[in-house]
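Scroll down for the structure; my scribbles are underneath it.
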Amino acid sequence: MINHKKTIAILFGGKSSEYAVSLQSAAAVIRAINQEKYNLFLIGIDPSGQWFHFKGEVSQIEADTWKSDAIPAFISPDPSVHGILEQSESGIFAYPIDAAFPILHGKNGEDGTIQGLLELAGIPCIGCGLLSSALCMDKDRAHKLAFLAGVNVPRCIKVDKIGTDEQMRQQAKELSYPIFVKPIHAGSSFGITKVVKEEELMSAVATAFTYDTEVILEEAIEGFEVGCAIIGKDKLQTGEIDEIELSEGFFDFTEKYTLKTSKIHMPARIDAETANLIKKTACLLYRTLGCSGFARVDLFVTPEKEIYFNEINTIPGFTSHSRFPNMMRGAGYTFEALVEKLIEQEVSS
């Protein structure tokens with residue numbers, strides 16, 4: 001019998017500070033995919049950047065022991081291959097694939113690098129493409145485009161390593177404390193520090209520079225943070241709005257994955273008019289930054305109910321309890337149905 005199932009490559013891991021987060025997201029997605037409908041080809045990328053075809057159990061991905069059942073393999077940039085080259089002891093073998101689903105967070109995965117490779121290879125990418133991935137990962141350029149689209153953005157200043165400490169302090173005087181010091185191209189709040197006085201500035205800048213060569217200083221917005229999940233290409237669908245309630249500090253890496261002192265309310269504790277404005281603004285930003293497939297748009301709401309842009313996550317956390325799937329659950333999607341929808345959007349188009 002001829003096998004008519006589509007073959008989907010799932011990419012996980014990555015040369016990124018968010019490697020461990022990717023393993024958990026990918027394991028959840030793999031379990032959710034209907035393997036009676038799709039063949040899966042699992043590609044693991046280790047923290048050094050080496051690529052492998054993984055053939056073991058999903059639990060090995062979660063435990064980070066997956067490399068014991070892996071063979072060197074990589075996506076060929078040659079469109080005539082339209083797939084993956086596996087390097088075994090007996091030679092190099094080509095495996096065609098119909099689409100690729102990168103479950104890679106942060107640098108070298110969410111920033112357009114993988115998406116560019118897939119574009120060269122002629123392989124459809126499930127999720128945002130090269131340009132939108134690169135723009136959304138760049139906090140400086142994303143804010144500038146949001147501002148040009150008419151969306152409020154926090155006042156911010158970009159700094160680099162060329163400037164002296166004193167020059168950076170002088171630049172920061174244009175802003176009002178507290179300010180956030182952020183690496184421009186990092187995710188999961190890695191390297192971000194909330195600075196409440198000038199004496200803390202340079203230490204925070206030094207921390208941010210360990211994650212990136214460019215850093216942004218951004219005024220804190222009074223109010224609270226909300227998120228809006230969006231799926232779609234031509235026609236967009238939003239999930240329910242969620243709200244982050246903080247008791248102290250900010251929503252850093254620890255809070256995102258432990259909720260030690262914070263809570264996430266889904267749906268958000270807002271009125272219908274504000275919710276509609278958030279969804280409208282989120283869809284505008286999704287279009288402005290060229291997003292496609294799916295993304296999570298993060299915004300701030302001030303006490304006066306003004307909406308400010310924070311960032312767009314083009315590959316948000318994807319475990320069954322992560323924010324993006326929970327928001328889409330509010331729109332009627334189970335986790336399995338959501339994963340099916342995202343794949344179907346690409347392979348049936």
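The values are calculated or read from the model by the stated rules, or taken from the named source; none is laboratory data. It should be emphasised that the depicted structure is a prediction, and the values quoted were computed from it without experimental measurement. We place every Cβ from the backbone using ideal geometry, glycine too, and count neighbours over all the protein chains shown. Note: areas computed on protein heavy atoms with side chains; ligands, DNA, RNA excluded. Shrake-Rupley method; radii C 1.70, N 1.55, O 1.52, S 1.80 Å.
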How big is the Rg/Rh ratio for the range 1-72, C-alpha atoms only, Rh by Kirkwood, two decimals? 0.99
Hey, how many Å between the Cα centroid of the range 9-51 and the Cα centroid of the range 174-211? 31
Determine the calculated [θ] at 222 nm for the chain from helices alone, applying -39500 (n - 2.57) to every DSSP H run no shorter than 4 residues and normalising by the residue count; nearest 500 deg cm²/dmol. -9000 deg cm²/dmol
Taking the range 293-335, how much of its Cα-Cα pair set, in percent, is spaced more than 11 angstrom apart? 69
Any idea what the dipole of the range 21-161 comes to, in debye rounded to 20, about its Cα centre with Lys/Arg Cβ at +1 and Asp/Glu Cβ at -1? 700
About the Cα centre, and with charges only on the beta carbon of Lys, Arg (+1) and Asp, Glu (-1), how big is the dipole of the chain? Nearest 20 debye, please. 580
List, in order, the whole-Hz ³J(HN,Hα) value for each residue of the range 279-294 obtained from phi through the Karplus relation with A = 6.51, B = -1.76, C = 1.60 and θ = phi - 60°; use x for Gly and Pro. 5, 5, 5, 4, 5, 4, 5, 4, 5, 4, 8, x, 5, 7, x, 6
Within the range 132-173, backbone nitrogen closer than 17 Å to the virtual label 7 Å beyond the Cα of Ser203 toward Cβ: 169
How far is it, in nm, from the label point at Glu174 to the one at Lys280 when both lie 7 Å from their Cα along the line to the Cβ? 3.2
Counting only residues 5 or more places away or on other chains, whose amide H sits under 5 Å from the amide H of Ser17 once H atoms are built in the peptide plane? Lys107
How big is the range 62-151 along each principal axis, measuring the range of its Cα positions in Å and listing the largest first? 57, 35, 16
Ranking Val297, Pro124, Pro102 by how far each Cα lies towards the positive end of the charge dipole of the chain (+1 on Lys and Arg Cβ, -1 on Asp and Glu Cβ), the top one is Pro124
When Rg is the radius of gyration of the Cα atoms in the range 1-127 and Rh is its Kirkwood radius, what does Rg/Rh come to? 0.94
Lys/Arg +1, Asp/Glu -1 at C-beta; the chain dipole; positive extreme among Ile75, Gly191, Gln35: Gln35
Where only C-alpha atoms are counted, convex hull volume of the range 266-349 per residue in Å³: 107
At a 1.4 Å probe, what is the % contribution of carbon and sulfur to the accessible area of the range 178-229? 51
How large is Rg/Rh for the chain, to two decimals, with Cα atoms and a Kirkwood Rh? 0.98
Hydrodynamic radius (Kirkwood) for the range 43-197, which is based on Cα pairs only, to one decimal in Å: 18.6
For the range 114-230, the per residue accessible area (1.4 Å probe, Å²) is 43
Determine ³J(HN,Hα), in whole Hz, for all residues of the range 34-45 in sequence, where each value follows from phi through the Karplus function 6.51 cos²θ - 1.76 cosθ + 1.60 and θ = phi - 60°; x replaces Gly and Pro. 6, 7, 7, 9, 10, 7, 10, 10, 8, 10, x, 10
Going by average Cβ density within 10 Å per residue, which order do the peptides 93-105, 230-242 take, highest to lowest? 93-105, 230-242
Please label the shape of the range 127-242 as rounded, prolate or oblate, based on the square roots a ≥ b ≥ c of the eigenvalues of the alpha-carbon gyration tensor (a/c under 1.5 means rounded; beyond that, a/b larger than b/c means prolate, else oblate). prolate
Nonlocal amide H pairs with Ala9, under 5 Å, H built at 1.01 Å: Phe41, Asp98, Ala99, Ala100, Phe101
With a ≥ b ≥ c taken as the square roots of the eigenvalues of the C-alpha gyration tensor of the range 151-218, please select rounded if a/c is under 1.5 and otherwise prolate if a/b is larger than b/c or oblate if it is not? rounded
Please work out how much length the chain gains when fully extended from Phe147 to Glu57, using 0.36 nm per residue of separation minus the C-alpha to C-alpha distance, in nm with one decimal. 27.8 nm
